[in-house]
Every structure is written in C-alpha cells, then in structure tokens.
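Novice: The structure's right below; bear with me while I get my questions together.
The values are calculated or read from the model by the stated rules, or taken from the named source; none is laboratory data. Everything numeric here is computed off the predicted structure, so don't read it as measured data. When we count neighbours, we look across all protein chains shown, and the Cβ atoms used for this are built from the backbone with ideal geometry, even at glycine. Ligands, DNA and RNA are stripped out before the accessible areas are found, and what is left, the full protein with its side chains, is counted by its heavy atoms. Shrake-Rupley method; radii C 1.70, N 1.55, O 1.52, S 1.80 Å.
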Amino acid sequence: MNFKESAEKVAAWVKAKGVTATVALDRDGAVTALYRITGTPTVVLIGRDGTMIARAVGPQGWTSGSARQLLDMLVKAP
C-alpha cells in the first residue's frame, strides 16, 4: 500500500525491493481509510468473500513460526 505517492515512485521502490506481492496505488486515500491503515508496514488479511479478517501494524515475522502456520492454515481453509 502506498500513501498517495506517484505510480512512478512506487514502481521504482517495488522494483528496487524485489516486491512480488500486489501493490495498491491509493491515489485518494480511500483504501487507507477503508482498512484503517495508520502506519507502515500494515498487513491486511482479506477473506475469500472480500472482507477484512485481520490486520497487523508494524513489522511481523510472517515467514516463520506461528505466523507462518496461521497464514498456511488460512490459505488451505475451504
């Protein structure tokens, strides 16, 4: 998620950091408001029906331990 930066600035950052996840361009701040984003990084888990399941603000260890197990379980859930 970006905070009203230009598409060019965001694209350069994504390329430099090697980001592979989808990056939203929030040109008017609507998405930031919808998901109550108050800082970066903010991770928002969105359910299959499009509703927000959970969110976490600040650095998280998503690639190991219990956080990884939670994400794996959510992805595999019917």
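Novice: Ordered by residue, what ³J(HN,Hα) values in Hz, to whole numbers, does segment 21-32 give under the Karplus form 6.51 cos²θ - 1.76 cosθ + 1.60, where θ = phi - 60° and Gly and Pro are x?
Specialist: Whole-Hz 3J(HN,Hα) from phi for segment 21-32: 6, 5, 10, 8, 9, 9, 4, 10, x, 5, 5, 4.
Novice: Moving to a separate point now. Amide H of W62: which non-local residues (sequence gap of 5 or more, or other chain) have their own amide H closer than 5 Å, using H built in the peptide plane?
Specialist: none
Novice: Hey, rough spin-label estimate for K15 and A33, points 7 angstrom out along Cα→Cβ, what's it come to in nanometres?
Specialist: Going from the K15 label point to the A33 one covers 3.3 nm.
Novice: Now a separate question. What translational diffusion coefficient, in µm²/s and rounded to a whole number, does the Stokes-Einstein relation yield for the chain at 4 °C and a viscosity of 1.567 mPa s, taking the hydrodynamic radius as the Kirkwood radius over Cα pairs?
Specialist: Value of D from the Cα-based Kirkwood radius: 92 µm²/s.
Novice: Starting from segment 9-61, pick out the trypsin sites (Lys or Arg not before Pro) whose DSSP state is loop and whose Cβ has at most 10 other Cβ atoms within 10 Å.
Specialist: R48
Novice: Quick one: in segment 25-70, what % of C-alpha pairs are over 16 Å apart?
Specialist: 46 percent
Novice: Let me ask another. Suppose the chain between R48 and W62 were pulled fully straight at 0.36 nm per residue; how much longer would it get relative to their current alpha carbon spacing?
Specialist: Full extension from R48 to W62 adds 3.1 nm.
Novice: How much of the accessible area of the chain, probe 1.4 Å, is carbon plus sulfur, in whole percent?
Specialist: For the chain, the apolar C and S fraction of the accessible surface comes to 59 percent.
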